[in-house]
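Trainee: Encoded as structure tokens, here's the structure I'll be asking about.
The values are calculated or read from the model by the stated rules, or taken from the named source; none is laboratory data. Bear in mind the structure is a predicted one, so any value in this text is a computation, not a measurement. Because the Cβ atoms are built from the backbone with ideal geometry, glycine has one as well, and the counts that use them run over all protein chains shown.
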Amino acid sequence: MAEIESGGGKKLSTRVDLTPMVDLGFLLITFFMFTTTMSKPKSLEIVMPSDKKTDVVNKVKDYTALTLLLSKENRIYYYYGIGDNPLVPPKVEVTYFKNQGGVRDAIIKLVKDVNETKQRDAGQPGISETDVPTILIKPDTNSTYLDMVNALDEMQINGIGTYAIVDISDVERGFIKATEAANSDQ
Amino acid sequence: MPKHKLPRKSTHIDMTAMCDVAFLLLTFFMLATKFKPDEPVVVVTPSSVTESPIPPNSILLTLDKDGRIFFDFDNKAAKKDMINDMNTARKLGLTPDECDNFVRGSSVGSSLSQLKSFLSLTSADKGNFQFSGIPNDTTDATLDNNELVYWVQEARAFGTANSSDGKSPRICIKADSKTPYPKVRALINSLTKNEIDRFNLITAAEAVPEGTALWEERMKSVKTTNTETHN
């Protein structure tokens, strides 16, 4: 029979090494910290033009307007002005949502042009101090929700206060087709 | 001179206190974390630079990439009232258990006629249910038979009655990046026809690109708050 050691026997320590437990604790903390901050969705507020107010577009002055036509494959066709004169079709150009050299440049140019025109032609008929750059967003049926949110986001980024989402017309679909045809010729 | 014998010190540190702190923090984060509610469909939202959070007491309309619409409402009391009202008004034939199932559950996306067959399922079978989405019939100009409009009207009526500040609930639209625009337009159109024209589009957060107008504005506001605190 084994003898119970006494006297010279080693005393086993009751202490447990807690280092791995602390490691695990901090690992989990890091996990929860990241999940809490990352999964907070934000909300982008928009006010859609009510059906009863259809004259919004008619009030826009020609020199303050920029129209963005959202099309397939995240393309944007844009032109300055209202473009309602059938004899002089607007110059339509194509661009994309990009941080550099995208649609933002067109918006910045519009803001600059509007401010310059206001200073230069102050007091002339049709030019008022209260004129602001106005952007009309017209998504085509082959655009996606992503395009719409990107366009609205671009308004926020560039500090554009006056913008509206408007239905696209067949005339504008014609602009897109004409631009596509012209670009494929090159 | 007698020699002093220095006792050898152990290099071990007592980890108990650190362990306590670690687990205290862990408990805090676990309790503070709000996990994503289980959603019937996976929706990848686009991102935007906006910083405003989702308002409380809001109706959530989820729109997946096939254009199916799902309804949810974070006001449980209003949800309870609205399902009871819808049950009697539209003769859905739901049992009290099924109504309770609706109140506690997450998004639903089925026509009113299919609602009972979904709510009678146990939570294990719910994952296999094939949602058809809430019908948004836009062919009828009056929208009297449009179920989506009916859902939203009910939710707004009971949401206003059950809100703490008496305001009518906001409409949040959570759509997938790939949702075709006509589907979004149809959803918004049905609601604007009913005098609802303010929407919150749910997006993920995104950094503001440097050098833009918004970026400069935010930098300015950061600077002013800094100087204010220094003065």
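Trainee: Sort out which residues of segment A:103-126 are in a loop (DSSP other than H, G, I, E, B) and free of Cβ contacts under 8 Å to residues at least 12 places away in the same chain, and write them in order of number.
Mentor: Within segment A:103-126, A:Asp121, A:Ala122, A:Gly123, A:Gln124, A:Pro125 meet the criteria.
Trainee: In the set B:Ile173, B:Ile202, which member is over 24 Å from B:Met86 (Cα atoms) and either touching a residue at least 40 places away in the same chain (Cβ under 8 Å) or not in a helix (DSSP H, G or I) (or both)?
Mentor: Exactly one residue qualifies, and that residue is B:Ile202.
Trainee: Identify, by number, the condition in (1) free of Cβ contacts under 8 Å to residues at least 24 places away in the same chain; (2) under 21 Å from the mean Cα position of the chain (by Cα); (3) within 14 Å of another protein chain (Cβ to nearest Cβ) that B:Tyr181 doesn't meet.
Mentor: Unmet condition: (2).
Trainee: Could you list, in sequence order, all residues of segment B:23-58 that are more than 9 Å from chain A (Cβ to nearest Cβ), surrounded by 11 or more Cβ atoms within 10 Å (Cβ to Cβ) and at pLDDT below 85?
Mentor: Result: B:Pro37, B:Asp38, B:Glu39, B:Pro40, B:Val41, B:Val43, B:Val44, B:Pro56, B:Asn57.
Trainee: I need the full set of residues from segment B:48-87 which are in a strand (DSSP E or B) and in contact (Cβ under 8 Å) with a residue 12 or more places away in the chain, in order please.
Mentor: The answer is B:Ser48, B:Ser58, B:Ile59, B:Leu60, B:Leu61, B:Thr62, B:Leu63, B:Ile69, B:Phe70, B:Phe71, B:Asp72, B:Phe73.
Trainee: Quick one: B:Asn136 ticks every box in (1) touching a helix residue (DSSP H, G or I) at 6+ places or on another chain (Cβ under 6 Å); (2) over 30 Å from A:Asn74 (Cβ atoms); (3) not aliphatic (A, V, I, L, M) bar one, so which box is it?
Mentor: Status for B:Asn136: all satisfied but (2).
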